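Since the structure comes first, as structure tokens, the remarks are kept for the end.
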Amino acid sequence: MDIATVAGLLVGFAFMVIALFLAGSHGGGGVSIGQFIDPPAILMVVGGGLTVVLTSVPLKFFFKLPKVVMKIFFNKPEHVSEMIEQLVSLAEMARKDGLLAMENKVRDLKNPFMVMGIQMAVDGTPAEVIGDIMRTEIEAVGGRHKECKKMLDVMGRCGPAFGMIATLLGLILMLGNLDDPDAIGPSMAMALVGTLYGAVMANMVCIPMAEKLAFLSHEELLVKEIILRGVLGIQAGDNPRVIEQKLNTYLPPKQRKGAHEEAA
Amino acid sequence: MDIATVAGLLVGFAFMVIALFLAGSHGGGGVSIGQFIDPPAILMVVGGGLTVVLTSVPLKFFFKLPKVVMKIFFNKPEHVSEMIEQLVSLAEMARKDGLLAMENKVRDLKNPFMVMGIQMAVDGTPAEVIGDIMRTEIEAVGGRHKECKKMLDVMGRCGPAFGMIATLLGLILMLGNLDDPDAIGPSMAMALVGTLYGAVMANMVCIPMAEKLAFLSHEELLVKEIILRGVLGIQAGDNPRVIEQKLNTYLPPKQRKGAHEEAA
Amino acid sequence: MDIATVAGLLVGFAFMVIALFLAGSHGGGGVSIGQFIDPPAILMVVGGGLTVVLTSVPLKFFFKLPKVVMKIFFNKPEHVSEMIEQLVSLAEMARKDGLLAMENKVRDLKNPFMVMGIQMAVDGTPAEVIGDIMRTEIEAVGGRHKECKKMLDVMGRCGPAFGMIATLLGLILMLGNLDDPDAIGPSMAMALVGTLYGAVMANMVCIPMAEKLAFLSHEELLVKEIILRGVLGIQAGDNPRVIEQKLNTYLPPKQRKGAHEEAA
Amino acid sequence: MDIATVAGLLVGFAFMVIALFLAGSHGGGGVSIGQFIDPPAILMVVGGGLTVVLTSVPLKFFFKLPKVVMKIFFNKPEHVSEMIEQLVSLAEMARKDGLLAMENKVRDLKNPFMVMGIQMAVDGTPAEVIGDIMRTEIEAVGGRHKECKKMLDVMGRCGPAFGMIATLLGLILMLGNLDDPDAIGPSMAMALVGTLYGAVMANMVCIPMAEKLAFLSHEELLVKEIILRGVLGIQAGDNPRVIEQKLNTYLPPKQRKGAHEEAA
Amino acid sequence: MDIATVAGLLVGFAFMVIALFLAGSHGGGGVSIGQFIDPPAILMVVGGGLTVVLTSVPLKFFFKLPKVVMKIFFNKPEHVSEMIEQLVSLAEMARKDGLLAMENKVRDLKNPFMVMGIQMAVDGTPAEVIGDIMRTEIEAVGGRHKECKKMLDVMGRCGPAFGMIATLLGLILMLGNLDDPDAIGPSMAMALVGTLYGAVMANMVCIPMAEKLAFLSHEELLVKEIILRGVLGIQAGDNPRVIEQKLNTYLPPKQRKGAHEEAA
């Protein structure tokens, strides 16, 4: 589990509360948290944002939203350099004992995309069919990721608008009942809470989570690309050293395991 | 019928009304719905938005707008996995008894794009011509979808501007007649209703419906892509198991029917 | 002439005037149109917008602006299905009597791009040269269209900014002379008229006209693409039925003339 | 020299001054230009904009900024149709007397890119090397143009933000010293001058100049593309008439010199 | 070290302070810097911006942020023309004495990407493998650069939103405690300081630094592209003069060393 997202959200809200109390103590009047809690604005901003997602996507996608959020919180990053090692050792085996020799190893592999690729190679599927199927899978996965990200994007993009709608509702109500001048300040404050919610939901929650999802998707597709190239290299009987060098190119220099240690 | 869009719109407006009454009761003054109904602003925002669409597109496109909206509400999603089964069973038939054997089955197919493709294969049209025609059709359909989506985009994008125009008209009128200070509050409230309408039309109606249209288009084009690849595979006499595996790649893993059950 | 653009503009302005009088009568004070006419703001918004276009493009492009606007108002849509019929009948002629037989027909063709293509085919120009020249022409025309659209885009994009500049000029003048409190309302109203002009010019005039231009360009390029493919098919001596089927693919299903009626 | 940019800027500022005096005389109070001159805001908006460019680009690019601005004002458009004539006459010469015959003509050519191309053809450089070098040059020039344009883009994009910063500085100062109510109006006016400067710098100066630069770049690259295709045609010994027809395709129909007059 | 970024930041802040004192002295009231220092707003804008980055990216990327900032300040530009000279002299050596002759020179090369390429050529790696590996490396480096830039982009994009959040917190607190009218001015001023911070952080710090990073990335990738093409030319045994001419094409004309001087 990559704690960055959880930590980011928690620290962000902590900063907001601290800033609030600092500002409140500075002004001398103190802060009553109640000033910042406005149920209709919560309904309008969070509920409104969710209904926009519901309107925007097919029902089955909408129900994926909690799973998408969970994935952002609890993803396990792939260990890319281990995966490259696995592919290189499979390549060595295939070169020594033939493609069929990998059959026993398939069960030990964890990544289902690698299992699929190696299994096809073992089954004697021609290279262009393997490439075609794996490439289509990568594109289809990328497409599904984009549609998941879109839900958070939609919610992030319309957050400020729903904040404004909540504020406008409050302002219009207030302006229609200007009898009590003492109520103007608090009513105005309450109306502005809607704008605050919209800005927070969009900028502290939805947009960064959408960005994180894009990062995770990018990483997953990179891993799949590495596997695709590894499997095609194995199938073609390429030199394991060349495969290793090619696949290592995808890693930042520090994470690469040198060919020398491997060969040793 | 996918009820997500209708549900999203209804729940969204329900949330807004609930938020309004919650806020009104909170302030103590209650809510008169009349405060939120402003015919000139409706004319300016909804009418203005429609005239912008009218200005933006050829007349024949403008008249498609109600049909586009209906499609968003009442689309039936394709059953992609059934369609793949159909293509696989056609492939088996074609492999056993030749391409002509599919002729009797063509009538039972529901998807017109599949009918067109299979019919061309039965007629002995060369593969490159089939591919060319089906590919052009996919691109042309995609292009028409984009132009339909553009109408909703245009209306969504100019919604806030028309809300602002309605508000400006109200403000200018008010500022020109500042005789009665008691009228300032309600006049200002009424002016702000225009901004509210613009924000609601854009963010709760037009933009999510445009997003939904993009989803539906994406799905329809994916189905057409699957059919194209299926027909080309059938025409080339590919192994039905390979065709199945290729086409299943377009589906998310859960929706795939395993080759094992099929073969059984 | 496609009346959509003219109708859109007229109805849009009519809606605005109606909304204004509705709002004015509602407030009880009535509307004096004079409140909404502000020569310096017109100069700043319309004149400013035009000078930005002048700054943005070479002089010869700037002088094309009226022609571009006229084209948006008075374009005649091509009759694509008739054009396909022409190409198919030329293909039949060329197949029966050779490419030279089309020479007499060239004079009857109205579309200059089709004339150019057929003439090259008659002259015996090799297929790759025809394809190259026609493709370059399509791209060059598309590029010129984009530059024309850019002028309207520029004016649309800076409309709100010039409205704000007009309003700022008015506000700064007003704030510098706050002697007469009674003048504040009308001065403020007058200042806001600038913002109104900017929003109207951008959202009701320039942006939808730029969108319309993009539609017209898209349609013209599609027609040219159809002609290109038709001419290449004719030059290659393709079966006229296949050419017809290919070209019809570009049309929405309803506009297609079935091969059956044609063949009859 | 294309006077459009200079004219656009001058007329734009003239319109602003006229609008100002019209508005001032309308209000009755007259205009004192001093109200609109605020040295700290000039420093913040123009100086701030320039420092953002300085932060954004390597030092050597920053010093190119005056040259870029000069180029926008004093560019000389290429005479494309004359250039095509030159290429066609070179093609005739090369076809009659061989590639070496062009050597004497190279000195008379003005465009350095054409000189480079023809010289390589005379030197017997193989076609793929010529194409490779000229293509790389076109891409490298396009890349450098984009980086120059980016400087104006950056300044245009942050103009309104610096205007707002200048206004905020003024507002915060004013709000901290509310002792003298009579000073509020003029202080507020002065603060708004910052916003005015930002809007003017961005919308009347930087953005249109960046657009103009994009136009000039587009035109220069088009000319280079024409030269590239001309040189490759000459090197391949193509028919001069075909070369002429191909190159003319890049021109709008009116600027083309018909093959007939040329051949005569 | 390219001092442009540091200079830009320092001069930008200096301009802001000067503008502030000019404006303060103009108003007569003087400036107390304390008016512009608001710890809760700093926490909200800078801290909030950092937590958004933390939420948006995997933890390991977040910790790269200081290194990225350092790179922007202390990058050393590559001397491209020297690098081209090195490649040309390696090409001469390889042509005269064979690829193996370069082995001794590899140690003297500083650029690790050039070392990698030349070493592969020396090792007899086939051209397509060299091209494949170096191309993948270029793309992988470009991808990592983009992800680094994204962190600054995210912070720049949400800067104004966090400024607004800080201002809203202040405004809501103020509006809830309107007891003391004398406190309204200073409280409002303090609230606006949040907006100021957000605008400054985004427009004077994050966005220009992100732009600078894009420039540096572009330059580094260009250098790698030149090396790739040089190595492939060397491996193919191309004429050193042709290699030089090709590589020089990437440079602006002034930085090119003429073939004549080199050959002399």
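Structure above, values below:
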{"quantity": "Which numbered condition C:Leu54 misses (of (1) surrounded by fewer than 19 Cβ atoms within 10 Å (Cβ to Cβ); (2) farther than 17 Å from C:Val223 by Cα)", "calculated": "(1)"}
{"quantity": "Single unsatisfied condition, B:Val31 versus (1) in a helix (DSSP H, G or I); (2) free of Cβ contacts under 8 Å to residues at least 24 places away in the same chain", "calculated": "(1)"}
{"quantity": "Qualifying position, being in contact with a Pro (Cβ under 7 Å, 6 or more places away or on another chain) and acidic (Asp, Glu), among B:Glu78, B:Glu92, B:Glu139", "calculated": "B:Glu92"}
{"quantity": "Check on E:Leu213, in a helix (DSSP H, G or I), under 21 Å from E:Val68 (Cβ atoms), out of contact with any Pro (no Cβ under 8 Å at 6 or more places or on another chain) and away from chain A (no Cβ under 14 Å)", "calculated": "yes"}
{"quantity": "Conditions (1) without any contact (Cβ under 8 Å) to a residue 24 or more places away in the chain; (2) surrounded by 18 or more Cβ atoms within 10 Å (Cβ to Cβ); (3) away from chain C (no Cβ under 14 Å); (4) more than 34 Å from the chain's Cα centre (by Cα): number failed by B:Gly176", "calculated": "(3)"}
{"quantity": "Residue tally, condition under 22 Å from B:Met155 (Cα atoms) and not charged (D, E, K, R), over the range B:62-84", "calculated": "11"}
{"quantity": "Lone unmet requirement of (1) more than 11 Å from every other protein chain (Cβ to nearest Cβ); (2) touching a residue at least 12 places away in the same chain (Cβ under 8 Å) for C:Asp97", "calculated": "(2)"}
{"quantity": "Flag for D:Gly117 being surrounded by 15 or more Cβ atoms within 10 Å (Cβ to Cβ) and not hydroxyl-bearing (Ser, Thr, Tyr)", "calculated": "yes"}
{"quantity": "Any hit, the range E:138-158, residues being touching a helix residue (DSSP H, G or I) at 6+ places or on another chain (Cβ under 7 Å), crowded, with 20+ Cβ neighbours inside 10 Å, facing chain A (nearest Cβ under 8 Å) and not charged (D, E, K, R)", "calculated": "yes"}
{"quantity": "Single unsatisfied condition, D:Gly194 versus (1) buried (at least 20 other Cβ atoms within 10 Å of the Cβ); (2) within 10 Å of another protein chain (Cβ to nearest Cβ); (3) closer than 30 Å to D:Gln86 by Cβ", "calculated": "(3)"}
{"quantity": "Qualifying position, being closer than 24 Å to B:Lys212 by Cβ, basic (Lys, Arg) and within 14 Å of chain C (Cβ to nearest Cβ), among B:Lys110, B:Lys76, B:Lys67", "calculated": "B:Lys67"}
{"quantity": "Flag if C:Val205 is surrounded by 20 or more Cβ atoms within 10 Å (Cβ to Cβ), facing chain B (nearest Cβ under 7 Å) and under 30 Å from B:Lys146 (Cβ atoms)", "calculated": "no"}
{"quantity": "Checking E:Asp238 against (1) in a helix (DSSP H, G or I); (2) more than 29 Å from E:Val68 (Cα to Cα); (3) within 10 Å of chain D (Cβ to nearest Cβ), the condition it does not meet", "calculated": "(1)"}
{"quantity": "Where B:Ile165 falls short, out of the listed (1) hydrophobic (A, V, I, L, M, F, W, C); (2) at pLDDT below 95; (3) under 31 Å from the mean Cα position of the chain (by Cα)", "calculated": "(2)"}
{"quantity": "Test: residue in the range D:87-97 that is of a type in the set (Lys, Arg) and under 30 Å from D:Ile165 (Cα atoms)", "calculated": "no"}
{"quantity": "Given (1) in contact (Cβ under 8 Å) with a residue 40 or more places away in the chain; (2) of a type outside the set (Gly, Ala, Ser); (3) facing chain E (nearest Cβ under 8 Å); (4) out of contact with any Leu (no Cβ under 6 Å at 6 or more places or on another chain), index of the condition A:Leu232 fails", "calculated": "(3)"}
{"quantity": "Criterion violated by E:Leu169 - all others in (1) without any contact (Cβ under 8 Å) to a residue 40 or more places away in the chain; (2) within 10 Å of chain A (Cβ to nearest Cβ) satisfied", "calculated": "(1)"}
{"quantity": "Single residue of A:Asp153, A:Asp132, A:Asp108, A:Asp179 found to be in a helix (DSSP H, G or I), farther than 27 Å from B:Pro240 by Cα, out of contact with any strand residue (DSSP E or B) (no Cβ under 6 Å at 6 or more places or on another chain) and among the acidic types (Asp, Glu)", "calculated": "A:Asp153"}
{"quantity": "Pick from the range B:24-38, criterion of a type in the set (Val, Ile, Thr) and over 30 Å from B:Lys150 (Cα atoms), ranking: nearest to the other protein chains (Cβ to nearest Cβ)", "calculated": "B:Val31"}
{"quantity": "Neighbours by Cβ (under 8 Å, 6+ apart or cross-chain): first from the range E:242-255, touching a residue at least 40 places away in the same chain (Cβ under 8 Å) and more than 8 Å from chain D (Cβ to nearest Cβ); second part of a helix (DSSP H, G or I) and of a type in the set (Asp, Glu)", "calculated": "E:Glu244/E:Glu262"}
{"quantity": "All positions within the range D:74-98 that are assigned to a helix (DSSP H, G or I), buried (at least 16 other Cβ atoms within 10 Å of the Cβ) and in contact with an Asp or Glu (Cβ under 9 Å, 6 or more places away or on another chain)", "calculated": "D:Val80, D:Ile84, D:Gln86, D:Leu87, D:Val88, D:Ala91, D:Arg95"}
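Matching residues to (1) closer than 30 Å to B:Ala189 by Cβ; (2) touching a residue at least 24 places away in the same chain (Cβ under 8 Å):
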site: B:Ser25; (1), (2): yes, no
site: B:Val53; (1), (2): yes, yes
site: B:Leu59; (1), (2): no, no
site: B:Glu85; (1), (2): no, yes
site: B:Ala91; (1), (2): no, yes
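A quick yes/no check of all residues on (1) at pLDDT 90 or above; (2) assigned to a helix (DSSP H, G or I); (3) within 14 Å of chain C (Cβ to nearest Cβ):
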site: B:Gly8; (1), (2), (3): yes, yes, no
site: B:Ala14; (1), (2), (3): yes, yes, no
site: B:Leu22; (1), (2), (3): no, yes, no
site: B:Pro40; (1), (2), (3): yes, yes, yes
site: B:Val45; (1), (2), (3): yes, yes, yes
site: B:Gly48; (1), (2), (3): yes, yes, yes
site: B:Val53; (1), (2), (3): yes, yes, yes
site: B:Lys60; (1), (2), (3): no, yes, yes
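The values are calculated or read from the model by the stated rules, or taken from the named source; none is laboratory data. The structure presented is a predicted model; accordingly, all values stated were derived computationally and were not measured. Cβ atoms come from the backbone with ideal geometry, glycine included; neighbour counts cover every protein chain shown.
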